[in-house]
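Notes follow once the structure below has been shown.
The values are calculated or read from the model by the stated rules, or taken from the named source; none is laboratory data. As the structure is a prediction and not an experimental result, all values here were calculated from the model. So basically every Cβ, Gly included, is an ideal-geometry build from the backbone, and we count neighbours across all protein chains shown.
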């Protein structure tokens with residue numbers, strides 16, 4: 001699994017890491033039952049705080065991407081197809097959010113943005 | 001999450017200096033950096049935690065137990081590295097060890113020898129002849145040779161060259177891999193913390209200014225640079241500190257969106273721990 005952290009990104013570190021793990025799961029790079037690295041060694045390797053990794057693992061578990069067994073570790077769980085579909089939808093939402101943020105910094109109004117979206121959507 | 005160390009409402013006053021309501025907690029499995037400029041109260045806090053100086057009020061709990069009433073038991077579980085060293089110069093390292101070892105019920109000669117080896121220290125060398133780096137390594141060897149669950153260190157990296165500092169940081173990482181441990185170390189060299197700290201506590205003038213997860217701290221703040229003309233009395237308040245020159249300004253903020261709304265053409269960067277620390281200290285003096 002490849003995890004790259006960007007210091008130039010506006011996204012919080014935990015979110016960058018979480019998104020890349022979810023990507024790896026959706027792309028099938030991580031399969032059902034695959035173990036995620038231990039919190040301490042993962043944190044050391046990518047040079048973030050253990051608290052960040054703990055937060056990533058907690059959220060992944062809450063969102064159903066992993067299961068954890070006390071004292072053993074955290075494992076990938078891909079059982080739920082609906083969930084995966086949801087998460088892909090979630091990815092679209094996230095990209096929309098980025099789009100909206102960029103639009104806001106450029107002072108593009110909601111109406112203009114909607115108009116752009118309509119045109120681009122119809123083109124396909 | 002369990003707390004390894006819990007300091008509540010610590011007050012302590014001396015003629016020229018006082019600790020005021022110092023409170024913080026160390027979560028388990030975390031390396032906590034205790035930062036502040038010289039004279040901020042780092043050493044005083046550490047000495048008070050260890051019961052080496054009297055406190056006016058406040059409570060200290062280690063592994064959930066009160067420090068004062070369980071001092072013997074708790075000190076057995078703490079490894080301590082203090083700035084001054086507190087060794088007898090005339091003794092060899094082995095002689096010094098034989099004075100200290102009996103104080104700990106969990107002392108392990110095997111661990112002691114392993115660390116000496118790892119640090120390339122000769123146990124028959126006199127302490128007076130050790131360099132600063134070697135003294136630190138010896139102090140760390142003693143601190144790590146009795147199965148301590150909490151490592152408390154006062155400025156362990158100050159005055160050491162980058163190579164020894166990075167060795168020391170590696171040892172801390174290895175130590176944490178065992179699980180259920182905690183490290184609390186004070187420093188004014190914030191670049192060491194960029195590499196290993198999980199939690200950061202900033203003390204200044206005897207008061208705690210923040211206690212925060214390192215990554216959240218770095219995520220929350222941004223260093224903004226721009227034209228000084230864009231600054232006004234309103235948007236200045238969005239910054240912790242602002243430095244202006246003839247060519248522009250630079251300031252640290254945790255309200256980036258509002259800053260972006262009030263001025264255009266700015267550069268936004270992620271700050272370092274040092275930027276944030278200085279911003280807090282300068283901001284507090286305004």
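Is it true that residue A:78 is away from chain B (no Cβ under 14 Å), within 26 Å of residue B:26 (Cβ to Cβ) and surrounded by 15 or more Cβ atoms within 10 Å (Cβ to Cβ)? Criteria not met by residue A:78.
The rows are residues; the columns are (1) surrounded by 14 or more Cβ atoms within 10 Å (Cβ to Cβ); (2) more than 14 Å from chain B (Cβ to nearest Cβ); (3) in a loop (DSSP other than H, G, I, E, B).
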site: A:33; (1), (2), (3): no, yes, yes
site: A:45; (1), (2), (3): no, no, no
site: A:53; (1), (2), (3): yes, no, no
site: A:71; (1), (2), (3): no, no, yes
site: A:89; (1), (2), (3): no, yes, no
site: A:97; (1), (2), (3): no, no, no
site: A:111; (1), (2), (3): no, yes, no
site: A:120; (1), (2), (3): no, yes, no
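Please work out which residue is farthest from residue B:273 (Cα to Cα), limiting yourself to region A:55-64 and to residues that are buried (at least 16 other Cβ atoms within 10 Å of the Cβ) and touching a strand residue (DSSP E or B) at 6+ places or on another chain (Cβ under 7 Å). Residue satisfying both the conditions and the ranking: A:60. Scanning region B:145-167 for residues that are buried (at least 20 other Cβ atoms within 10 Å of the Cβ) and farther than 21 Å from residue B:47 by Cβ, we see that the one that is modelled with the highest pLDDT is B:145. Inclusion of residue A:93 among residues that are within 26 Å of residue A:6 (Cα to Cα), out of contact with any helix residue (DSSP H, G or I) (no Cβ under 7 Å at 6 or more places or on another chain) and surrounded by 14 or more Cβ atoms within 10 Å (Cβ to Cβ) is not warranted. Restricting region B:157-199 to residues that are more than 14 Å from every other protein chain (Cβ to nearest Cβ) and under 9 Å from the mean Cα position of the chain (by Cα), the residue that is nearest to residue B:275 (Cα to Cα) is B:188. Is region B:237-252 home to any residue that is free of Cβ contacts under 8 Å to residues at least 40 places away in the same chain and assigned to a helix (DSSP H, G or I)? No, the conditions are met nowhere in region B:237-252.
I'd like the full set of residues that are more than 25 Å from the chain's Cα centre (by Cα) and free of Cβ contacts under 8 Å to residues at least 40 places away in the same chain, limited to region B:253-283.
Listed by number, the residues that qualify are B:255, B:256, B:257, B:258, B:259, B:260, B:261, B:262, B:263, B:264, B:265.
Quick check: anything in region B:72-85 away from chain A (no Cβ under 14 Å), surrounded by fewer than 16 Cβ atoms within 10 Å (Cβ to Cβ), assigned to a loop (DSSP other than H, G, I, E, B) and modelled with pLDDT of 90 or more? Within region B:72-85 (the criterion being away from chain A (no Cβ under 14 Å), surrounded by fewer than 16 Cβ atoms within 10 Å (Cβ to Cβ), assigned to a loop (DSSP other than H, G, I, E, B) and modelled with pLDDT of 90 or more), the answer is no, since none of the residues qualifies. Look at residue B:147 and say whether it is within 11 Å of another protein chain (Cβ to nearest Cβ) and assigned to a loop (DSSP other than H, G, I, E, B). No; evaluated as a whole, the condition is false for this residue.
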